[in-house]
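J.: Below: one structure in structure tokens.
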């Protein structure tokens, strides 16, 4: 009898440990602008101006490659100097790093940087380096991402192979967990919404060891089209998540942007509209980090200019920089709590609330600009709102019909297409 009791107690202790082994997460709260992130391409000293601009725009994260090749130039010897400097400078402005553990290293892999470690020795070396990074930067609130866009041919030569990636990611995540059990790890930094790749990753053991599933939902269409993709991906994650992590593994948008040098329908004005709409939508969809690509415009190859940035190559703010600054100022401290439905699917009206109990709405249209009057939106009066592709931020007081209802709906009293601006 005594032996049976000991066995039962042992089983209960094991179950308790297993249920609570979900690994702590240092992901930011769903409060604007805590998860606002921008991609950069610099490390080391001499970048105070860039960091000042990033801070002024309201970003609280940067995403940056932490290069295996530059850190380990002699086997087993790691030089973190450039990233120590960057991490320290970021911390002074209250900005956290999301570091991408990439790419190949000629000490262990083929000479080209975009050939990943695939042999047992190379995978072990990469995992050892990643674990050393997590240990070195422990306590500095770094988010670690395992590789970048392994499903695309460019970053995983000679061609993408999901099973190879899973093998690398599992070895790396386990090594990081051993070195720093409380590290925040995300993966797989999937290019686009690659359903077959993502499903295989989720089916593997990897969800047991990571804190978020990262994707790069680039598309030709407006940002709102991502909503259906997020809903579908959440279902896949929850289907394969360990029992103790059901509904606890968020999606991370670790890269997304619109380049008006590539898509003819994208202009600098539309780029700014899409930037802030992405961040508001992601907050509503409970995405804790949203990374805009990129901080600055740049040249690639034969003087082909990439217009991804919120600043020019000379660090001059562009329209999307100003739009970001307005967003993070107007909605500072607010969480997006629900969408208010209308009879026109082009209208996006999202209710936001801060910890003091104050409300604001963020509103825009994906259609033509309209001057619209809604019923039961405001508490005491019905007033016109001019909706364009750029969100506006409006204080209440709002009707209890929208603040108190879980799925509020309001009617359009009147509206007309307009070509003027205020």
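J.: By its C-alpha gyration tensor, with a ≥ b ≥ c as the square roots of the eigenvalues, how is segment 281-330 shaped: rounded for a/c under 1.5, else prolate for a/b larger than b/c, else oblate?
T.: oblate
J.: Taking only DSSP H segments of four or more residues, each worth -39500 (n - 2.57), what value at 222 nm results for the chain once the sum is divided by all its residues, to the nearest 500 deg cm²/dmol?
T.: -10000 deg cm²/dmol
J.: How far is helix 319-330 tilted, in degrees, relative to the longest principal axis of the Cα atoms in the chain, given as a value from 0 to 90 rounded to the nearest 10?
T.: 80
J.: Just check segment 91-235 against the gyration tensor rule for me: Cα atoms, a ≥ b ≥ c as the square roots of the eigenvalues, rounded for a/c under 1.5, and otherwise prolate or oblate depending on whether a/b exceeds b/c.
T.: oblate
J.: Further question: Show me the ranking of peptides 386-394, 158-166, 128-136 by mean Cβ neighbours inside 10 Å, starting with the highest.
T.: Taking the mean over residues of other Cβ atoms within 10 Å, the ranking is 128-136, 386-394, 158-166.
J.: As I understand it, the value is the acute angle between the Cα axis of helix 268-284 and the longest principal axis of the Cα atoms of the chain; what does it come to in degrees, rounded to 10?
T.: That helix lies at roughly 70 degrees to the long axis.
J.: Can you list the residues of segment 166-191 with backbone N under 17 Å from a point 7 Å past the Cα of residue 218, pointing along Cα to Cβ?
T.: Of the residues in segment 166-191, 188-191 have backbone N under 17 Å from the label point off residue 218.
J.: Shifting gears a bit: Can you give the Rg to Rh ratio of segment 300-362, both from alpha-carbon atoms, with Rh computed by the Kirkwood formula?
T.: Here Rg/Rh amounts to 1.19.
J.: How long is the gain from residue 73 to residue 56 if the chain were fully straight, where each residue apart is worth 0.36 nm and the alpha carbon distance is subtracted?
T.: Residue separation times 0.36 nm, minus the Cα-Cα distance, leaves 2.5 nm.
J.: Given a Förster distance of 56 Å, report the FRET efficiency between residue 286 and residue 381 from their Cβ-Cβ distance, rounded to the nearest 0.05.
T.: About 0.95, to the nearest 0.05.
J.: I would also like to ask the following. Under a plain spin-label model, where a point goes 7 Å from the Cα along Cα-to-Cβ, how far apart in nm are residue 81 and residue 235?
T.: Those two pseudo-labels are separated by 5.3 nm.
J.: Could you tell me what percent of the DSSP beta bridges with both partners in segment 49-131 are antiparallel, to the nearest 5?
T.: Once the DSSP bridges in segment 49-131 are tallied, antiparallel ones form about 10 percent.
J.: Looking only at the chain, where both bridge partners belong to it, what percent of the DSSP beta bridges are antiparallel (to the nearest 5)?
T.: Here the share of antiparallel DSSP bridges comes out near 50 percent.
J.: Follow-up. Return the tail of the calculated pair distribution for segment 149-250, meaning the percent of Cα-Cα pairs more than 18 Å apart.
T.: 48
J.: Moving on. Could you work out how far helix 162-179 tilts from the main Cα principal axis of the chain, as a 0 to 90 degree angle to the nearest 10?
T.: Tilt of helix 162-179: around 80 degrees.
J.: Using a simple spin-label model with points 7 Å from Cα along the Cα→Cβ vector, what separation in nm is obtained for residue 343 and residue 48?
T.: Each label point lies 7 Å from its Cα, and together they span 5.9 nm.
J.: Expressed as a rounded percentage, what relative contact order does segment 277-372 have, with Cα pairs under 8 Å and six or more residues apart?
T.: So the answer I get is 16 percent.
J.: Separate question: May I ask for the distance between the Cα centers of segment 146-170 and segment 25-65, given as a whole number of Å?
T.: 26
J.: Still on this model: Please report, to two decimal places, log10 I(q)/I(0) for the chain at q = 0.08, 0.12, 0.13 Å⁻¹ as given by the Debye formula with identical point scatterers on the Cα atoms and no solvent.
T.: Each listed q corresponds, in turn, to -0.48, -1.01, -1.16.
J.: Considering the convex hull of the alpha carbon atoms of segment 115-194, report its projected area averaged over all viewing directions, in nm², one decimal.
T.: 5.2
J.: Could you calculate, for segment 264-422, the ratio of the Cα radius of gyration to the Kirkwood radius, expressed as Rg to Rh?
T.: Rg/Rh: 1.02.
Only the coordinates and a few stated rules stand behind these numbers; no lab work does. Keep in mind the model is a prediction, meaning the values are calculated, not measured. Note that each Cβ is placed from the backbone with ideal geometry, even for glycine, and that neighbours are counted across all protein chains shown.
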